[in-house]
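Encoded as structure tokens, the structure appears first; notes follow it.
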Amino acid sequence: MQSISPETIFRGNDAWEKALPQIANLTNSPLVLGRSVDTNNIKNKIFKDLKNRDLNVNSANLQFDCCYEDILNVKNLILNNNNDSVIAAGGGKVLDSGKYIAECLNIPCITVPLSASTCAGWTALSNIYTKKGQFIKDVALRSCPKVLVYDHKFIQTAPSRTLASGIADALAKWYESSITSSTIDDGLVQQAIQISRVLRDQLLLDGEKAFKAPFENNSSWRNTIEACGLTAGLVGGIGGEKCRTAAAHAIHNAITQIITPNKFLHGEIVGVGLLLQLRLEEMKNNNKLADQSIKQLLVLMKQLNLPTTISELGINVFKNQNLEKIVDFTCRDKSEIHFLPFEISKQDIFEVIANFEQQKIKI
Ligand SMILES: [Zn+2]
């Protein structure tokens, strides 16, 4: 079974207003789920608009992350309130929690991404973390959200850092899916890989303009946020599991195991993982294009103020056995690293990361 996309998608400047009548038909008592205080204004607007439609609305905020503790609390709240849908309004963690909770309770989920930082508003997938933000596992859901509301006015209010993070996460689609799935003899998978290539080209063309002057380059900005929030989700929907992740995400998951005082966004960590994946390809798969890709990506990543080494994520890999911890988690049995078409040993990952961090790569 494959769920390719949300049942209905509203996109553009008035997407929320346009979606309201359908949402009012779908639910009598929604729970609006959020997390950050920075998005309180939008969540209050969503709450009020639903109330004005005579719906019996409740709201809740995640306390930590998309973690079992928060999931249990929100589930109990929904059961007590008798809510018949979840409206998840926020970034990836909120969207993933909303989808997971709605599926457990067999009620519809409506996703309202409030930034372009991930494609979680689209996908039938939830990543589960600990309270402290350490990756545990991803859970494949039965279906994509019932309704996705991609309101550009909402997304415009998000900090530019979230856009940079979304660009890095979406760029990874091409580099991960093309290496893991290029030998799969399945038309849909091949077409998904080609979409991810066009997606990457679009981001290389428009990403910097969108990031630096979102309001002057409105079409670049619009294309970029839709590439990150919609197209990236479509690639996963059409291509299925193997089109989703490889080394970049495996290394992301491992890096989240190290707790740091400053939290970094999903795509910020994936971007570093992507550079490491390409080094690995160069070393193990004799991929001559990998070095060129690294140089090309580094130019864009610097323009977007994205971290490009693990040390820029606030982690010294040469202290506290951090490197060993990252290597162990990257190579654990269930890791996506094993989707790579060549054998990887712990020693390989160790060498790649150690060299990468020592060199402080230059463009
Ligand atoms: Zn991702």
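Name, by its number, the condition in (1) in contact with a Lys or Arg (Cβ under 8 Å, 6 or more places away or on another chain); (2) more than 21 Å from His266 (Cβ to Cβ) that does not hold for Ser126.
Answer for Ser126: the failing condition is (2).
Can you name the residue in the range 143-165 that is assigned to a helix (DSSP H, G or I) and closer than 28 Å to Thr27 by Cβ and, of all such residues, is farthest from the chain's Cα centre (by Cα)?
Lys153
Each row is one residue, and each column tells you yes or no for (1) out of contact with any Asp or Glu (no Cβ under 9 Å at 6 or more places or on another chain); (2) in a helix (DSSP H, G or I); (3) closer than 29 Å to Val270 by Cα.
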| position | (1), (2), (3) |
| --- | --- |
| Lys51 | yes, yes, no |
| Phe64 | no, no, yes |
| Asp70 | yes, yes, yes |
| Lys75 | yes, yes, no |
| Leu95 | yes, yes, yes |
| Ser115 | yes, no, yes |
| Thr118 | no, no, yes |
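Given the condition buried (at least 24 other Cβ atoms within 10 Å of the Cβ), within 24 Å of Cys67 (Cα to Cα) and touching a Ser or Thr at 6+ places or on another chain (Cβ under 8 Å), answer yes or no: does some residue in the range 173-180 qualify?
Checked against the condition, which is being buried (at least 24 other Cβ atoms within 10 Å of the Cβ), within 24 Å of Cys67 (Cα to Cα) and touching a Ser or Thr at 6+ places or on another chain (Cβ under 8 Å), the range 173-180 yields no hits at all.
Quick one: Leu204 ticks every box in (1) modelled with pLDDT of 95 or more; (2) surrounded by 24 or more Cβ atoms within 10 Å (Cβ to Cβ) except a single one, so which number is it?
(2)
Among the residues that make up the range 16-33, is at least one of them over 30 Å from Thr256 (Cβ atoms) and within 22 Å of the chain's Cα centre (by Cα)?
yes
Listed residues Val198, Val189; which is in contact with a Gly (Cβ under 6 Å, 6 or more places away or on another chain), in a helix (DSSP H, G or I) and away from the ligand (no atom under 16 Å from the Cβ)?
Just a single option satisfies the conditions, and that option is Val189.
Do you know which of the residues in the range 224-282 that are closer than 29 Å to Glu343 by Cβ and of a type in the set (Lys, Arg) is nearest to the ligand (Cβ to nearest atom)?
Checking each candidate, the answer is Arg244.
The values are calculated or read from the model by the stated rules, or taken from the named source; none is laboratory data. Predicted model, so just to flag it, every value in this text is computed and none were measured. Cβ sites come from the backbone with ideal geometry, for glycine too, and all protein chains shown count toward neighbours.
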